[in-house]
Amino acid sequence: MAAPDLQFSAVIASGASEARGPATDEHAAAVDPERLRAVLEHLGSTSYAEVSLEVPLRQAVTAMVDVFEVDGAGLMFMADDDALRYAAASDPAAEALERGQEQLGCGPCVDSLLNDELVSTDDLAADERWPGLAEIVVPAGVRAVLGVPVHLGGGAVGSLNLYYAGAHAWQEGEINALASFNTVVEHIVGSAVLAQRHERLVAQLQHALENRVVIERAIGVVMARDRVGAVEAFNGLRSLARSNRRRVSDVASDLLASLPR
C-alpha cells in the first residue's frame, strides 16, 4: 500500500492544538506533530498484501487513540448482507459501541453514515436521540461520541467513531483534526478495493459501492412515502430484507422497479 499523503499532518496537529479548550478539560492535550508523522509513516509503509483488511483498519483506529488521546475508536461499514457491519475497534468498549448500533440500527455513527455528515454527542447518557443505545454502551464505558463519515468513490460507505469514557464537549478544532485523520482510513479502504482483494470485507465494500445509489434512491422513496427520516427509512428496508433473508440492495431494487414510470 502506498503511503498516505503526509502534507495534511500539520493541519491535523494544528486543529488538535486549537481544541485545547478550558484548562480543566482533561482531554486538552495537543497533538505532538512528530508523533503524528511517525504514525502516518508507519501506516503508509507497512505492507498489507498478506493480511486481512481488518488488520490495517484496526491499526488505524488504534493510532487515533494514541495520537489524539481519545479513549477509543471504531469503524462501521455498509455491508451487503445485514446492511451494517462492525469492522474494527481499538478496545472492547469501542466494539460494544459498534455492535450496539449495528443491533439497534441507530446511533451517532449510523446517522453519520446515512446522512453523510459529522454527528456528535457530548453525553450519550443524557441524549434521547437514539433510544436504547445508552443502556447498551454507557455501562461499557462510552459517553461522548463523534461519528465521521468514511468515503469511497465520492459517497459515504462507513463511519469512523471516536469516544470518551466521560462526558466531553467536542471542540471545533478537535473535530476538524479527527476528521482530517480520517483521510488515512479512506486511503486504506480505497487501496484495498482498487486492488480487488478477495476477502469478505472488501467484497462487501465493493458491493456497497456498486449499490449505494440504488439504496439511496430507495431510502428517498420511503422518506417521501412514509414521511420519515433517512435512518428510519433505511431501517425499514433493512427490516424487510432481514425478514425475507435478502440483501438490502435487492429489496431497494425491487422497490424502485415497482414504482410507476
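The values are calculated or read from the model by the stated rules, or taken from the named source; none is laboratory data. The model shown is predicted, which means the values in this text are computed figures rather than measured ones. Reconstructed Cβ throughout: ideal geometry from the backbone, glycine too, with neighbour counts over all protein chains shown. Ligands, DNA and RNA are stripped out before the accessible areas are found, and what is left, the full protein with its side chains, is counted by its heavy atoms. Shrake-Rupley method; radii C 1.70, N 1.55, O 1.52, S 1.80 Å.
Observations on the structure shown:
- Hits in segment 130-156 - residues which are assigned to a loop (DSSP other than H, G, I, E, B) and open to solvent by 10 Å² or more (accessible area, probe 1.4 Å): TRP130, PRO131, GLY132, VAL138, PRO139, ALA140, GLY141, ARG143, GLY153, GLY154
- Look at segment 117-140: where a residue is more than 21 Å from ILE175 (Cβ to Cβ) and a partner is open to solvent by 40 Å² or more (accessible area, probe 1.4 Å), sitting 6+ places away or on another chain with Cβ atoms under 6 Å, you get GLY132/LEU104; ALA134/ALA125; VAL138/ALA125.
- Any chance SER52 is open to solvent by 40 Å² or more (accessible area, probe 1.4 Å), more than 12 Å from the chain's Cα centre (by Cα), within 30 Å of PHE234 (Cβ to Cβ) and modelled with pLDDT under 85: yes
- Tally, over segment 109-128, of residues that are part of a helix (DSSP H, G or I) and of a type outside the set (Val, Ile, Thr): 9
- Yes/no for ALA230 being within 25 Å of ALA88 (Cβ to Cβ) and in contact with a helix residue (DSSP H, G or I) (Cβ under 8 Å, 6 or more places away or on another chain): yes
- Put simply, of SER243, SER258 the only residue that is closer than 24 Å to GLN103 by Cβ, more than 19 Å from the chain's Cα centre (by Cα) and among the hydroxyl-bearing types (Ser, Thr, Tyr) is SER243.
- Filter result for the condition that a residue is open to solvent by 20 Å² or more (accessible area, probe 1.4 Å), over 24 Å from HIS151 (Cα atoms) and charged (D, E, K, R), over ARG212, ARG247, ARG225: ARG225
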